[in-house]
Structures are given as C-alpha cells and as structure tokens.
Amino acid sequence: MKKFLWAALGLTIFVGLAGSGWGQGASRGTAKLMLKGGAVSVEYGRPALKGRTESALLDQLKPGDFWRLGSNKSTTFSTDVDLAFGDVTVPKGEYSLCAQRQTDGWKLVFNKQHGQWGTQHDAAQDLASAAVKESKAADSAETVTINLAKEGMGGVLTIQWGHMKLSSNFVAK
C-alpha cells in the first residue's frame, strides 16, 4: 500500500510540474503597467543566448518572417483599455504579440489568436501592426526581456535581447 501511495504522489507531482510549463525549458516573464485605470500586460517566454548572439539567431529571418518575441507558447499582450501606437489602434483585449522582420528593421504585430504555440502564426488573424524603433542597448540582456514603462501620457513597450533593443510608444485612448 505504501508503494502505491508513493507512486501516486510521484505521478501527481510529475503531472503538476509538466502542466505548469516547468517542462517547457525557458522561464516565462511578465511586464505590467497601469494606464488610465486599466492594466496593460505582456506575458512571454525568456529564451537565453547561451553564448550565441541575437544577430546570429534573428538574422536567419528574412523580411516578412515573424519572431514570436520569446519561446514556447506565444507572447500574450493584454490591455483593459484601447491603445494607440502612433496612428494604429489596438482595442482592449488579448492578443498574440510578435515582431515581423522588415527590410529596414522590425514592426510589432498584434494577432487575434493567443495561447497557441509561438510558431503557429496565422497572418489572416493579424489585427494591427505598429512601428518600432530599433537601437543598440548599452548592456546585453542574456534572456529576452520585455518591459512596460510609463512615459508621458502613455507608455513605452521595450523588448531587449542581447544588445538589440526594440521600443514602441503608446497612449490610452
């Protein structure tokens, strides 16, 4: 009977850890910002460079290809308020967030699907895309790091991996 109980306990722990995403490898990160009484958040996988460079990994993408901004499950962007990224409106809701390689940089893409595996991007579900500014960060980030910070009357979304830094400003509508 004791062997059965120990086996059942071991199986329960294994299933619990596997279901929690622990077995996915890379950790998950969350960025959150309160804006006009509503929350804006990003939940994402945090792959590590592990001795590689971000350019060696991301330069494999051709113009038009998508980067899921993390690892494993898609990056989820949630907002309780309508947002404007320049002249692009992102209504309150929950979206997958990815970056699309352009010939001259990147753009953010908000997709109506969310929660799927990060490499399963259905472009027919793209809601909107917004410009991003690319710059070189002073310090290198070993893992993908996404930050939301208050700036002026709105906020700024920043994505950093290695020395690459992408940023896009937004305001609540």
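Give me the pairs: first residue in region 151-167 and in contact (Cβ under 8 Å) with a residue 24 or more places away in the chain and over 18 Å from GLN100 (Cβ atoms), second residue among the hydroxyl-bearing types (Ser, Thr, Tyr) and surrounded by fewer than 19 Cβ atoms within 10 Å (Cβ to Cβ), beta-carbon distance under 8 Å, and six or more apart or on different chains, which are they?
Listed by first residue and then by second, the contacts come to GLY162/THR53; GLY162/SER55; GLY162/SER140; HIS163/SER140.
Just name the residue that is modelled with the lowest pLDDT out of those in region 16-35 that are under 18 Å from GLN116 (Cβ atoms) and in a loop (DSSP other than H, G, I, E, B).
Top of the filtered list is GLY21.
Do any strands (runs of 3 or more DSSP E) lying entirely in region 36-136 carry at least 1 residues that are over 24 Å from GLY162 (Cα atoms) and of a type outside the set (Ser, Thr, Tyr), and which ones are they?
38-46, 83-85, 88-90, 93-102, 105-111, 126-131
Quick check on region 121-136: of everything there that is at pLDDT 95 or above and acidic (Asp, Glu), which residue is farthest from ASP82 (Cα to Cα)?
Ranking the qualifying residues of region 121-136, first place goes to GLU134.
One residue is enough: does region 120-141 have a residue meeting the conditions touching a Lys or Arg at 6+ places or on another chain (Cβ under 9 Å), under 15 Å from GLU43 (Cα atoms), β-branched (Val, Ile, Thr) and surrounded by 19 or more Cβ atoms within 10 Å (Cβ to Cβ)?
no
Just name the residue that is nearest to the chain's Cα centre (by Cα) out of those in region 59-94 that are farther than 17 Å from GLU43 by Cα and among the acidic types (Asp, Glu).
ASP65
For region 79-127, enumerate the residues that are charged (D, E, K, R) and more than 18 Å from GLY155 (Cα to Cα).
Result: ARG101, ASP104, LYS112, ASP122, ASP126.
The values are calculated or read from the model by the stated rules, or taken from the named source; none is laboratory data. Source: prediction; values computed, not measured. Note that each Cβ is placed from the backbone with ideal geometry, even for glycine, and that neighbours are counted across all protein chains shown.
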